[in-house]
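Have a look at the structure below before the remarks.
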Amino acid sequence: MEEKKYDFGMIGLGVMGSNLLLNMADHGFSVIGYDTNPVKTKSLESSATEGTSVKGVNTLEQMISQLKTPRKLMMLVPAGNPVDNVINDLKPLLQKGDIIIDGGNSHYTDTLRRISELKNIGFHFMGMGISGGEEGARKGPSIMPGGDEEAYNEVAPLLKAVSAKVNDQPCVGYLGKDAAGHYVKMVHNGIEYSIMQLLSECYDLMHNGLQMSNEELHQVFKDWDSGEMKSFLIEITASIFDKKDDKTGNSLVDMILDKAGAKGTGKWTSQAGLDLPMPIPAIDAAVMMRNLSSLIEERQEAHSIYNTSLQKIDINKKEFIKLLYDALYFATLISYAQGLAMLTTASFELKMDIPVPEVVSVWRGGCIIRSALLDQFKDAYKNPELKNLLLDGNIAKLLQQKEHAIQKIVSLAALHNYPAAGFMASLNYFNAYRRKLLPTNLIQAQRDFFGAHTYQRIDEPGIFHTEWEQVS
Ligand code: 6PG
């Protein structure tokens, strides 16, 4: 009897890999998963919906021989060396025309290197961002593929079937050349860091500044999630304040060490922003605050030197919560604006042809940064020339309406010793970006003074240098 052949293969059966494969099977595709650990392959098979075609195998050879050709397979393994190791193991087993997808959070420069290495030997390689966590993978993630368009067209029906849907539109689309898929996912994560930082600042100001209980915080975030800013991150934040610790009966959030981890994608976004260069200070502030949070011992020492008390903010609670909502709205808009403007510039500078309006569509459902706000951005990006959301008339109106709130929140935070790096960075960006003239003329004068670096004039074209008076 001829051996059964499968539509799609997955390498790496962690929760994400297994769930995505089960999702594909639920949509009528026959799938095969490979993992060296037999517990994982057995668990994959036993979790499959009845009547679906799901198989687990423990050698790559078994998987490759049972895939329909041209083979379509995805790796979901940790970024870095594991991806190269899998590719090296696959090379002798595959045939020209086979499609390999890296669905992990790989650095985009690694993806660029892998694309050209594999193209030379006849394989299609695609870097693809997937967002939505474990549940998203099972029920419908946001999918960010890029690179080989021919390979994308081959797998598009499957990706569309398994992705999240918003108004019946699949949250997947071809997002540009080369490593565009991983670049877009990296920036997605930078925005994710920024919004998470802003939410933690709201928590700090309400919890410590207004001495609100976790029950009250649960309710505030729940209310916020029913308004214009409805989003996944606000929704889970509301749930977090409702969760009790099994061990102590306290709120679980109160028992968690204040040291934020990071797998690197936020840092990569900041680094890539500096390389372009493109200013993304709200994202940078979020990366910096995670790093600062790890300096636990130093923070204890500094605390004993400065003896800083967390001051109660003396303001009407209702009024403050309204201000905070508007400040969060303002700063969240700025976070998206910075990330999307970075993509617009990267698209051109790195020749990736990223369709930014399509990115906005893909982010509307399934991913960690999904939010009702993205619908407004979709309208703004109907203008294909839009360089930055801040330059859209409707977004400008919104920011102007909420400008006072963020000014007030930032001032209150500063006056009462609260770090509000995300809010402050967002307001600074807004204040600098909308300035016709900045004081950078002085920096140019200083550079020319000590280094003869030259400057341009406001009244005539050309490059100028002045013999400035020497310092005595
Ligand atoms: C997603 C998430 C996902 C992962 C982050 C966490 O879109 O589903 O972004 O990719 O949870 O990598 O990143 P940190 O560990 O750096 O916070």
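The values are calculated or read from the model by the stated rules, or taken from the named source; none is laboratory data. Quick caveat: nothing in here was measured; it's all calculated off a predicted structure. Glycine also receives a Cβ, built like all others from the backbone with ideal geometry; neighbour counts cover every protein chain displayed.
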Requested in this report: May I ask you to list the residues in segment 193-206 that are out of contact with any Asp or Glu (no Cβ under 9 Å at 6 or more places or on another chain) and over 23 Å from Gly136 (Cβ atoms)?
Outcome: Glu201, Cys202, Tyr203, Asp204, Leu205
Query raised in the report: List pairs: first in segment 110-126 and in contact (Cβ under 8 Å) with a residue 60 or more places away in the chain, second crowded, with 20+ Cβ neighbours inside 10 Å and acidic (Asp, Glu), Cβ under 7 Å, 6+ apart or cross-chain?
Result: Thr111/Asp102; Leu112/Asp178; Ile115/Asp178
Query raised in the report: Among all residue pairs at least 6 apart or on different chains, which show Cβ distances below 6 Å where the first residue, located in segment 257-268, is within 8 Å of the ligand (Cβ to nearest atom) and the second is in a loop (DSSP other than H, G, I, E, B)?
Result: Thr265/Asn105
Query raised in the report: Yes or no: Val77 in contact with a strand residue (DSSP E or B) (Cβ under 9 Å, 6 or more places away or on another chain), of a type outside the set (D, E, K, R) and away from the ligand (no atom under 16 Å from the Cβ)?
Result: no
Query raised in the report: What residue, among those in segment 405-423 that are of a type outside the set (Val, Ile, Thr) and in contact with a Ser or Thr (Cβ under 8 Å, 6 or more places away or on another chain), is surrounded by the fewest Cβ atoms within 10 Å (Cβ to Cβ)?
Result: Asn417
**Report entry** Sole residue being within 25 Å of the chain's Cα centre (by Cα) and not in a loop (DSSP other than H, G, I, E, B), chosen from Asn383, Asn428
**Finding:** Asn428
Report summary line: With the first residue restricted to segment 184-209 and required to be assigned by TED's automatic domain parsing to the domain that holds Pro281, and the second required to be of a type in the set (D, E, K, R), Cβ contacts under 7 Å at 6 or more apart or on different chains are Gly209/Lys312
**Report entry** Residues satisfying the stated conditions in segment 454-472, i.e. in a loop (DSSP other than H, G, I, E, B) and either of a type in the set (Phe, Trp, Tyr) or in contact with a helix residue (DSSP H, G or I) (Cβ under 7 Å, 6 or more places away or on another chain) (or both)
**Finding:** Thr454, His465, Thr466, Trp468
Report summary line: Going through (1) in contact with a Lys or Arg (Cβ under 8 Å, 6 or more places away or on another chain); (2) within 16 Å of the ligand (Cβ to nearest atom) one by one, Asn189 fails only at (1)
Query raised in the report: on the phi > 0 side of the Ramachandran plot, at pLDDT 95 or above and either hydroxyl-bearing (Ser, Thr, Tyr) or out of contact with any helix residue (DSSP H, G or I) (no Cβ under 7 Å at 6 or more places or on another chain) (or both): does that describe Gly451?
Result: no
Query - Residue satisfying all of: in segment 111-158; among the small types (Gly, Ala, Ser) and away from the ligand (no atom under 16 Å from the Cβ); nearest to the chain's Cα centre (by Cα) among these - result: Gly147
Report task. Out of the residues in segment 219-256 that are of a type in the set (Phe, Trp, Tyr) and more than 16 Å from the ligand (Cβ to nearest atom), state the one that is farthest from the chain's Cα centre (by Cα). Result -> Phe241
Query raised in the report: When only residues in segment 192-211 that are of a type in the set (D, E, K, R) and more than 14 Å from the chain's Cα centre (by Cα) count, which is farthest from the ligand (Cβ to nearest atom)?
Result: Asp204
**Report entry** Residues located in segment 57-82, provided they are touching a helix residue (DSSP H, G or I) at 6+ places or on another chain (Cβ under 7 Å) and either under 30 Å from Ile368 (Cβ atoms) or aromatic (Phe, Trp, Tyr) (or both)
**Finding:** Lys72, Met75, Leu76, Val77
Report task. Can you give me the number of residues within segment 303-354 that are β-branched (Val, Ile, Thr) and farther than 20 Å from Ala420 by Cα? Result -> 4
**Report entry** Residue among Gly80, Gly56, Gly129 that is closer than 30 Å to Asn167 by Cα and either of a type outside the set (Phe, Trp, Tyr) or at pLDDT below 95 (or both)
**Finding:** Gly129
Query - Residue check for Glu216: away from the ligand (no atom under 16 Å from the Cβ), more than 19 Å from Ile368 (Cβ to Cβ) and out of contact with any helix residue (DSSP H, G or I) (no Cβ under 9 Å at 6 or more places or on another chain) - result: no
Query raised in the report: Can you find even one residue in segment 424-433 that is under 30 Å from Ser200 (Cβ atoms), in contact (Cβ under 8 Å) with a residue 40 or more places away in the chain, surrounded by fewer than 16 Cβ atoms within 10 Å (Cβ to Cβ) and of a type outside the set (S, T, N, Q)?
Result: no
Query raised in the report: When you look at Ser347, is it surrounded by fewer than 23 Cβ atoms within 10 Å (Cβ to Cβ), assigned to a helix (DSSP H, G or I) and among the small types (Gly, Ala, Ser), yes or no?
Result: yes
Report summary line: Residue pairs within 8 Å by beta carbon, gap of at least six or interchain, first lying in segment 242-254 and assigned by TED's automatic domain parsing to the domain that holds Leu217 and in contact (Cβ under 8 Å) with a residue 12 or more places away in the chain, second of a type in the set (A, V, I, L, M) and buried (at least 16 other Cβ atoms within 10 Å of the Cβ), listed first then second, are Leu252/Ile240; Val253/Ile240
Query raised in the report: Got at least one residue in segment 279-289 being within 14 Å of the ligand (Cβ to nearest atom) and under 24 Å from Met212 (Cβ atoms)?
Result: yes
Requested in this report: Grab the strands (runs of 3 or more DSSP E) fully contained in segment 29-96, keeping just those with 2 or more residues being more than 25 Å from Arg113 (Cα to Cα).
Outcome: 31-34, 54-57
